[in-house]
Structure formats: structure tokens, C-alpha cells
Amino acid sequence: MSQTVALVAGATGLVGTHLIDQLLLTERIGKVIALTRAPLTHQRDRLENRVVDFDRLEEELAARPLQIDEAYCALGTTIKKAGSQAAFRKVDFEYETAFARAAQAAGATGFALVSSVGADPKSGLFYTRVKGETELAVRALGFPTLHIFRPGVLLGTRQEARPAEQLAVKLTPLINLALHGPLKNYRGIHAAHVARAMVAALAETSSTRIHHYAEIMSV
């Protein structure tokens, strides 16, 4: 069995839970390390859980170094859940970029990031602007292999209720039928598809790519 070691942030989220499943099913992965704020509720073979304070992530990982090969970032929140734009930015920019830096310091040459359709550092919308700023900051780190995923509405069962997203999920089959051409990128997509595409992407040769709906669904 290969001894490729994968590091995951956001392991308890919608994409992250599927990521863990997919990584543990992947033959080339010898070990998965999940960074979480609270202990995982169950243990699995080849899965190591390290509880961390994301406000001090780089400091903690410097004190207890890891040796990894690739990293997956599935962190994310909403402005409503975070409570403010500043709190949202802390998670979706500060935590994500800190994780990328820590992963690189730990030896990762491949990095996969869950972003959002419409991400643009010059966007007039706060949400997509932060996503774009995060992409820009991660790209600047110079990972030999970097894959950025820009899904639309993520489908799947979340641990917490998000009424607005639940409504969007119910309407997604109808909405998807109406989205063609460039608008196809905004189609709803199941989190499991995103996770599978992320793991497949880091198995490829060195490259930097942005993946939208069609690319994600092609895996």
C-alpha cells in the first residue's frame, strides 16, 4: 500500500465527510490526518484525528510537526452562521490560508481547495470576493499541484439546518434544467461528486487548475 499521507481541514462538513470516506477508499492513500476543533465521534483504520485551535493552527503544527504529501481544504461557513462578515472572513480566508501555509510547511506539494462559483477578488459581492481573495492567496504560495473547485449549491445532508439552502436544494432539479452554457457552472452539485473529483485531481501530474460543474461531474 502506498504511504501517501493526506491532511484534511473541514472533515466534519458537507464536503469534508465525503472527502474522508473517499480518501480512505483510495488505494494510493496510506494515511489520512483530519484536523478538527473537537474530537471525531468514531475511529477508522488509517484515519488520525488531531484536535487543533484554528486561531493558532500554524503555531500548533510547528510545535507538533506533521509530515504529509497532500492537503484538502473543505473549511467554510456562512455569514449567518458566523454572525458577521468579519467572522465569516476569519473562517473562509484566515483559517483557509493558514491551513494552506501549514500544509506547505508540513511538506504538501499538492493542495485541493473548495471555493465557490463566481469567486473573484474584485467581486462586488462580499461572499464571492472573499472566496476570490482566498484563491489568490493560496495560488501565491506556489504549490506544484493546485486544484481549486468552484461548485454551485452543494447538495447533501448537513449536520446543521440551513433553511435557505434547504429550499435551494429542493428547487435544484428544476433550476439545473434551466441553466445552460456559462450558467451551467451555477448548477447544484452533490458534495460527494466534489470530494471524488478533489481526490482524483491530486493524483494527476503537477498542474494548477480551476474546476467548475462540468469538470467536477466528469470524474
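The values are calculated or read from the model by the stated rules, or taken from the named source; none is laboratory data. Computed from a predicted model, the values in this text were never measured in an experiment. Note: ideal-geometry Cβ built from the backbone for every residue, glycine included; neighbour counts use all protein chains shown.
Considering each residue of the stretch 1-11, count those that are modelled with pLDDT of 95 or more and either more than 18 Å from the chain's Cα centre (by Cα) or over 15 Å from A112 (Cβ atoms) (or both), and give that number.
The total comes to 1.
Given (1) surrounded by 12 or more Cβ atoms within 10 Å (Cβ to Cβ); (2) among the polar types (S, T, N, Q); (3) in contact (Cβ under 8 Å) with a residue 40 or more places away in the chain, where does N49 come up short, assuming only one miss?
(3)
I'd like to know if the stretch 57-75 contains one or more residues that are on the phi > 0 side of the Ramachandran plot and either touching a strand residue (DSSP E or B) at 6+ places or on another chain (Cβ under 8 Å) or of a type outside the set (G, A, S) (or both).
No.
Kindly list the number of the only condition in (1) at pLDDT 95 or above; (2) within 24 Å of R129 (Cα to Cα); (3) of a type in the set (S, T, Y) that fails for T77.
(1)
The rows are residues; the columns are (1) on the phi > 0 side of the Ramachandran plot; (2) buried (at least 18 other Cβ atoms within 10 Å of the Cβ); (3) hydroxyl-bearing (S, T, Y); (4) at pLDDT 85 or above.
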residue	(1), (2), (3), (4)
Q159	no, no, no, no
Y186	no, yes, yes, no
H193	no, yes, no, yes
M198	no, yes, no, yes
L202	no, yes, no, yes
H212	no, yes, no, yes
M217	no, no, no, yes
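Here is a list: D55, D92. Which entry is at pLDDT 95 or above and either among the β-branched types (V, I, T) or more than 24 Å from G156 (Cα to Cα) (or both)?
Going through D55, D92 in turn, the sole match is D55.
Only residues that are within 24 Å of H190 (Cα to Cα) and either assigned to a strand (DSSP E or B) or not basic (K, R) (or both): list them for the stretch 127-144, please. It would help to see each step written out before you state the result.
Going through the stretch 127-144, the residues within 24 Å of H190 (Cα to Cα) turn out to be 127-132, 134-135.
Answer for the stretch 127-144, where residues must be within 24 Å of H190 (Cα to Cα) and either assigned to a strand (DSSP E or B) or not basic (K, R) (or both): Y127, T128, V130, G132, T134, E135.
Going by the structure shown, is Q67 surrounded by fewer than 18 Cβ atoms within 10 Å (Cβ to Cβ), farther than 20 Å from L14 by Cα and not acidic (D, E)? Step through it out loud before you land on a result.
Working: surrounded by fewer than 18 Cβ atoms within 10 Å (Cβ to Cβ): yes; farther than 20 Å from L14 by Cα: yes; not acidic (D, E): yes.
Considered against the rule, which asks whether it is surrounded by fewer than 18 Cβ atoms within 10 Å (Cβ to Cβ), farther than 20 Å from L14 by Cα and not acidic (D, E), Q67 comes out as yes.
Quick check on this structure: which one of A106, A140 is out of contact with any strand residue (DSSP E or B) (no Cβ under 8 Å at 6 or more places or on another chain) and either acidic (D, E) or modelled with pLDDT of 95 or more (or both)? Give the derivation first.
On the way: A106 fails: out of contact with any strand residue (DSSP E or B) (no Cβ under 8 Å at 6 or more places or on another chain).
Sole residue among the options that is out of contact with any strand residue (DSSP E or B) (no Cβ under 8 Å at 6 or more places or on another chain) and either acidic (D, E) or modelled with pLDDT of 95 or more (or both): A140.
Count, please, the residues in the stretch 135-152 that happen to be buried (at least 19 other Cβ atoms within 10 Å of the Cβ) and either of a type outside the set (S, T, Y) or under 12 Å from the mean Cα position of the chain (by Cα) (or both).
10
Out of K131, K122, report the one residue that is among the basic types (K, R) and closer than 23 Å to A200 by Cα.
Details: K122 fails: closer than 23 Å to A200 by Cα.
It is K131.
Can you tell me which residue within the stretch 105-132, out of those that are of a type in the set (V, I, T) and touching a helix residue (DSSP H, G or I) at 6+ places or on another chain (Cβ under 6 Å), is surrounded by the fewest Cβ atoms within 10 Å (Cβ to Cβ)?
V117
Any idea which of (1) of a type in the set (A, V, I, L, M, F, W, C); (2) surrounded by 16 or more Cβ atoms within 10 Å (Cβ to Cβ); (3) part of a loop (DSSP other than H, G, I, E, B) is the one A6 doesn't satisfy?
Every condition holds for A6 apart from (3).
How many residues does the stretch 111-146 hold that are in contact with a His (Cβ under 8 Å, 6 or more places away or on another chain) and over 23 Å from P182 (Cβ atoms)?
2
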